[in-house]
Amino acid sequence: MNRIITFLTKPYKKLLKVEADPHKVASGFALGSFIGMTPFVGMQILISVSIASLAKWNRIAAGLGVFNTNLATGLFIFSFNYYLGSKILGLTPDFQLPDKLDFRFISMVFEAGSDVFFSLLLGGLITGVPFAFLVYHLIYRILKRKQLKSS
């Protein structure tokens, strides 16, 4: 159990070592957390780091946000996003999520049809926005507190 807790908290420890503006780090991490909710598995880190570069937010934090979101939520959140998106869109496509996330996931989503992709995307947008908001404020507070202690 201790190994699991250590493995899950490792990205946060790395994040706390990043010496940068707390707003930029928290924004990058929140962006990565948001992108981590979308069905672009295999491309999420590239998308997140690219957007963070354009916005001049912390790219390391953006990559850690994607990694941590996928690690912590995994298939649970994708299942929920799919369910939520399909209910809102009024679609009932038959789609079985794989047992684990890997690079084949995105091809499975595209092969299943646009209904599945848009269900996952809409669900991801709906759950990703509040999650990113919460993560931003949590990371920002932690980094500000750390900054005040070291001053």
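The values are calculated or read from the model by the stated rules, or taken from the named source; none is laboratory data. Because the structure is predicted, anything quoted here is derived from the model rather than measured. When we count neighbours, we look across all protein chains shown, and the Cβ atoms used for this are built from the backbone with ideal geometry, even at glycine.
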Could you please find all residues in region 31-51 being part of a helix (DSSP H, G or I) and either surrounded by 21 or more Cβ atoms within 10 Å (Cβ to Cβ) or of a type in the set (A, V, I, L, M) (or both)?
-> Leu31, Gly32, Ser33, Phe34, Ile35, Gln44, Ile45, Leu46, Ile47, Ser48, Val49, Ile51
With respect to Ala30, is the statement that it is among the aliphatic types (A, V, I, L, M), touching a Leu at 6+ places or on another chain (Cβ under 8 Å), modelled with pLDDT of 90 or more and within 19 Å of Ile142 (Cβ to Cβ) true?
-> no
Within region 17-54, the residues that are in contact with a Gly (Cβ under 8 Å, 6 or more places away or on another chain) and of a type in the set (Ser, Thr, Tyr) are Ser33, Thr38, Ser48
Reported set for region 112-151 where residues are part of a helix (DSSP H, G or I) and of a type in the set (Ser, Thr, Tyr) is Ser114, Ser119, Thr127, Tyr136, Tyr140, Ser150
Candidate set from region 52-61 (those that are assigned to a helix (DSSP H, G or I) and within 17 Å of Ile142 (Cβ to Cβ)); member that is nearest to the chain's Cα centre (by Cα) | Ala61
